[in-house]
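Here is the structure we will look at.
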Amino acid sequence: EPLYRDRVCGIDIGKAGMAATIRVPSDKDPARRASETRTFGTTKREVLALADWLRSWQVPAVVMEATGDYWKGPFYRLEAEGFDCVLADAKQVKHLPGRPKRDPADSKWLAACFERGAVTSCFVATPEFRVIRLHTRYRRDLTEERGREKQRAEKLLESAAVKLSSVVTDLHGVTGRDIMDHLIAGERNPRVLAQLARARARRKISELEEALEGAEFFTPEHAGLLAAMLARIDRVNQEIARLSAVIEQLLAPYEEQLQQAESQPGWGRRAAQDAVAETGIDMTRFATGGHL
């Protein structure tokens, strides 16, 4: 049967090294296949040595498996050197028949699957969107971290019998934050604390007084911990704001696509930015909506 690709290389990548197998037409009989396996490191010098070896065999296409983050360095370097790089979906590859048990044989098997066209390639973002994605992903990490810190603050108040979160909708909104700051500063009078309510929270002043009656259990030690938690939340807020400004700048050329994404029901600016950063704007890279 005709091969999908005539000259290929399969690479099995680890943290510090990789095994590469080329499969090319045999010199003695072009109808047969010849293969050679070599090992390389993952440093720039070693990947460039691999690139030279591939060129000497006129191998234009490379396949490697998506395992951890180890594939990224060699993949991006070989891509920059002009090779057609394909990232194999580890789940799909795992279920192809004939997978060897030993690691060194993996590169041979990957190359053999690749030349037959049996490998489904993963989506790999373009260099520009890789940079944008690093920013949006880090912002998501920071947002989750902030959420965990907010939960810790709420648990701390509960442990000191301050039932603020059961009355105030957003503990970290203007009213909640003001009351927490006054608690840290030493104020324990429920009536004084409840009068700090703003806007809609003023309708709940009597409920607030009741919720804050346990404030005498709020010790200086509680105050010290709460102050540390709120300071950390503030730092993360600043970092998220700084990142958001950078993301706006990076995605400025794609304002039209962002507006389209943002117009979907339930989507806001941030959801649109996250989605565009993950997929890029070239939808021809996805065969169907399901693939996307």
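Listing for the model above:
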quantity	calculated
Carbon/sulfur fraction of accessible area - the stretch 190-233, other protein chains in place, 1.4 Å, %	54 percent
Å² per residue, accessible surface of the stretch 170-292 at 1.4 Å	58 Å²
Electrostatic dipole magnitude of the chain [Cβ: Lys, Arg +1; Asp, Glu -1; Cα centre; debye, to 20]	560 debye
Sequence ranges 61-74, 34-47, ranked by mean other-Cβ count within 10 angstrom, highest first	61-74, 34-47
Positive dipole terminus of the stretch 192-264, leading residue within GLY214, LEU258, LEU225 (C-beta point charges)	GLY214
Apportionment of accessible area to carbon and sulfur, the stretch 1-109, percent (1.4 Å)	49 percent
Accessible heavy-atom area order of ASP52, ASP89, highest first, probe of 1.4 Å	ASP52, ASP89
Structure-derived Cα extents along the principal axes in Å - corresponding label in (1) 75, 41, 32; (2) 60, 39, 38; (3) 94, 41, 34	(3)
Given LYS28/LYS91; LYS44/LYS108; LYS15/LYS94; LYS155/LYS204; LYS72/LYS155; LYS15/LYS155, the pairs whose alpha carbons are separated by over 29 Å	LYS28/LYS91; LYS72/LYS155; LYS15/LYS155
Hz values of 3J(HN,Hα) by residue in the stretch 271-285 - Karplus curve (6.51, -1.76, 1.60), Gly and Pro given as x	4, 5, 4, 4, 5, 5, 5, 6, 9, x, 10, 8, 6, 5, 6
Dipole magnitude of the stretch 114-255, debye to nearest 20 (Cβ charges: Lys/Arg +1, Asp/Glu -1, about Cα centre)	300 debye
Lys, Arg +1 and Asp, Glu -1 on Cβ, resulting dipole of the stretch 106-187 about Cα centre, debye, nearest 20	380 debye
Ellipsoid semi-axes in whole angstrom, largest first, where each is sqrt(5λ) of the Cα gyration tensor of the stretch 149-292	43, 16, 13
Value in Å of the Kirkwood radius, where the stretch 135-216 supplies the Cα pairs that are averaged	13.3 Å
Shape call, the stretch 11-107: gyration tensor on alpha carbons, a/c limit 1.5	oblate
Low-density loop cleavage sites - chymotrypsin sites (Phe, Trp or Tyr not before Pro) in the stretch 183-272, where at most 15 other Cβ are within 10 Å (DSSP)	TRP267
Per residue accessible area of the stretch 65-143, 1.4 Å probe, in Å²	53 Å²
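The values are calculated or read from the model by the stated rules, or taken from the named source; none is laboratory data. On a predicted model such as this, the values are computed, not experimentally measured, just so you know. Reconstructed Cβ throughout: ideal geometry from the backbone, glycine too, with neighbour counts over all protein chains shown. Quick note on the areas: whole protein, heavy atoms, side chains included, nothing else; ligands and nucleic acids left out. Shrake-Rupley method; radii C 1.70, N 1.55, O 1.52, S 1.80 Å.
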